[in-house]
1. Among the residues of the stretch B:220-234, how many are away from chain A (no Cβ under 14 Å) and either touching a residue at least 60 places away in the same chain (Cβ under 8 Å) or not in a helix (DSSP H, G or I) (or both)?
2. Of all residues in the stretch A:490-514, which are at pLDDT below 85 and either farther than 17 Å from residue A:187 by Cβ or over 21 Å from the mean Cα position of the chain (by Cα) (or both)?
3. Restricting to the stretch A:138-149, name every residue that is surrounded by fewer than 19 Cβ atoms within 10 Å (Cβ to Cβ) and either assigned to a loop (DSSP other than H, G, I, E, B) or at pLDDT below 90 (or both).
4. Does residue B:507 satisfy being within 14 Å of another protein chain (Cβ to nearest Cβ) and in contact with a helix residue (DSSP H, G or I) (Cβ under 8 Å, 6 or more places away or on another chain)?
5. Which residues, counting only those in the stretch A:369-392, are free of Cβ contacts under 8 Å to residues at least 60 places away in the same chain and under 21 Å from residue A:451 (Cα atoms)?
6. Which of (1) within 14 Å of chain B (Cβ to nearest Cβ); (2) part of a loop (DSSP other than H, G, I, E, B) is the odd one out, the single condition residue A:463 does not satisfy?
7. Filter the stretch B:257-270 for residues that are closer than 17 Å to residue B:213 by Cα and either within 25 Å of the chain's Cα centre (by Cα) or in a loop (DSSP other than H, G, I, E, B) (or both) and give the result.
8. Specify which of the listed residues (B:237, B:201, B:195) is crowded, with 19+ Cβ neighbours inside 10 Å, within 14 Å of chain A (Cβ to nearest Cβ) and in contact (Cβ under 8 Å) with a residue 40 or more places away in the chain.
């Protein structure tokens, strides 16, 4: 996942945020020791203004509608879908109930959320991109709430917030159990993640079903039928993401981490030698054969048409030179090209040709930091993915001094688990805390929380990811000065209970409870 | 959870164990690098003999029946329940299919599993106890398999194994998806855990609904309605456990870890002082008031009738003396009793009176090791629970040298998570590896895997517990010389896939897959 640092202007006025903490609604009291004045908002918007008035809300009268001036009307799938979803979230099984009767006397009623997309081109039929405008403003006042955004992407982000706020309102009036089965991307959207970095193949398995080279998954996947992503699956993931304003950037990592590629594509990997004979095992992609580049040309031609995003992640990390060193043909090639014994030059030779191939497909690319470190010539719009080291680090200085945009993952490898509240560690990182000019800092276009799969699958992914990834989301989404760890604890506790309430098994931060606990079915 | 070290004699003869690994059934091939000759057996029985013959199995003809000589007949609920359950597990949704047609030609058919309980008293209507005989023998041969056990408890253990073996047989013949929603205790039984140590109250919450003192949960639980265990809940847990041969030992930990008790029972906890005035906060149970002992007498009278097991766990760990030290009344009491400044003497004073109270209810007790360390006088049948320190430790030498039976938890605190395959660490512990005579070693009656709740709730309990607790189960259940870590890896991988197949989200040991993955609903 990847969350671009984008500072969306936001003004929010609502009276119920503090009301949530009233003592007379103890079913709703968060279990946190200290409650936040922002209730359970997560991640925190850039700006919040809270007025001391309250409203009531009724399922029988409340509507989410397009404002008359909006450039996104009933034909805008993205928004119509979002309206349906958030209405369902808000009222759920409780929709059949009469809320009005339960309302507190004397409260004004909020009857509408109007959504106004202001640009002439709403981008409703497009894909979210690196430059998408996700800003919005939400004002909640009688008799209707108004969500204003230049593009649909901002309207989507604002709709999440609207839902969170309006739900608080609702919970005060009526205590109901909502049951939803949500998917991974749904949870991403709830946390405002906006790029899904899909590391879709690796050493153990090649689940991507390629139309051009079907043997790759036929022979390289864990199982050719039950453990593959078909073209239809991929399409569904992309469309599902699009409807939530999430970009999908696939990674096809080469030349290392490619053991699974070799099973379905002969001569793609380097044969390793034991003394003067092939050992029977294989190393990274073989960079000295023309057939390798023919294969990559055809393969990435397919990839460029399957994935609509402007970027592809090409990997390039952790190339082990042992096998290359053992192979006499490779040794000869190194001599012929004057590479001496510097195998990083051979790696660069490969990557350079790969980048040219991908450039010819009209895609931009992301690469792991080693490619930059090895001095490969990169296009100016390349995104360098920094993953080595701790929080703030020199690599960001170097990469941005060279003028490249960059994404930071190093401090957020969520697969590394430890006992205790490690979300605080993720939360306290300041990604721009490195030596560099203002100009350089602007080149840090985002951060990414990573969950690698060595110890993770469908059985434990969700509780391991959430709410730890929510902590990263706020660091990347909210203002740099949102750093109060106690306030964060309180909101994040409530946020995780909100996820739990929606059927997402997000784990507890510490000894605590949620009003409506997760129920394994 | 607690698993008593019990070495049950077992003879098992079956031909299909190796057959499972045949290359022509790759849907069933475990993803482990090395497969075990024991297939997916977990935990490993004391003795296994594998013959080189195979059988087939048909849902239309196969039956689980009581042998004619058995002392446990159709009126034995425990066994009849188990038969239904394992039959369902074995054939599940596939029951409607005709397996015979899919059988390999030339295989003899296995038509029956006969279960023979040999003792005159089968103990069918009793509760499992610390001395329950859980031994059994299983022989699989044509035309029927025979499970022989002195008591129903052994028959239950053997039924798990029968199911595992016979299911392997079945999977060779037909590939079907079984879907079950199993509960925690069900998974315990699958792993041969035989005692559920229910740490039912602690500082943050008092969920046990006491008939005698309903205010304890009314005011001390997270929530008085949604987060309590009612008498009916407790009864259900006990009966559900009984049907699976699992004892339920509740822990009511005092005098420390009692913050939640104080909310619903005035004057029970010690008022802490700040200088010469009460600070408003409270410490451990107040040991100097007669009302405290009156309360405990009534409370444990109820507990002794609610929980049928012969033992109650009385806690006694981690008593913080700070509050006692601050209180002038306590100081005076210390002086009057000549305790000087040694507050462990005050703790012993309290515990001694508590033990007398519990003894009067005709229950035996378990206590955490601090109680023993502080020199409290204990009944000879007291079980001392060792939790401090690493794997082998001196505490076991001391406790057993004093003649007490003991349970070891120290190396198996599963709530302490870390990156990587920590199951190996749990697996490699040898609990009897301490200085002591053979007589002393016999006093180590079991071990316990602990999952404390600071960072765990329904969202992440199951994947965090399994299969790491399965590793502990084999260490405690199987023979001391079962130590091959590669063999264990292979079987444990397959065992965890079996749990996954039953709908239990048991996490992966390492990069791998299961033929039928967990599907979050």
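The values are calculated or read from the model by the stated rules, or taken from the named source; none is laboratory data. Small disclaimer: the values here were computed from a predicted structure and weren't measured. Neighbour counts run over all protein chains shown; Cβ positions are idealised from the backbone, glycine included.
1. Summing the residues that are away from chain A (no Cβ under 14 Å) and either touching a residue at least 60 places away in the same chain (Cβ under 8 Å) or not in a helix (DSSP H, G or I) (or both) in the stretch B:220-234 gives 3.
2. Listed by number, the list holds a single entry, A:501.
3. Residues of the stretch A:138-149 surrounded by fewer than 19 Cβ atoms within 10 Å (Cβ to Cβ): A:139, A:141-144, A:146.
A:139, A:141, A:142, A:143, A:144, listed by residue number.
4. Values: within 14 Å of another protein chain (Cβ to nearest Cβ): yes; in contact with a helix residue (DSSP H, G or I) (Cβ under 8 Å, 6 or more places away or on another chain): yes.
It is true that residue B:507 is within 14 Å of another protein chain (Cβ to nearest Cβ) and in contact with a helix residue (DSSP H, G or I) (Cβ under 8 Å, 6 or more places away or on another chain).
5. A:369, A:370, A:384, A:386, A:388, A:389, A:390, A:391, A:392 - these are the residues of the stretch A:369-392 that are free of Cβ contacts under 8 Å to residues at least 60 places away in the same chain and under 21 Å from residue A:451 (Cα atoms).
6. Going through (1) within 14 Å of chain B (Cβ to nearest Cβ); (2) part of a loop (DSSP other than H, G, I, E, B) one by one, residue A:463 breaks only (2).
7. The initial filter retains those residues of the stretch B:257-270 that are closer than 17 Å to residue B:213 by Cα, namely B:258-269.
Passing the criteria: B:258, B:265, B:266, B:267, B:268.
8. Values: B:237 fails: within 14 Å of chain A (Cβ to nearest Cβ); B:195 fails: within 14 Å of chain A (Cβ to nearest Cβ).
Among B:237, B:201, B:195, only B:201 is crowded, with 19+ Cβ neighbours inside 10 Å, within 14 Å of chain A (Cβ to nearest Cβ) and in contact (Cβ under 8 Å) with a residue 40 or more places away in the chain.
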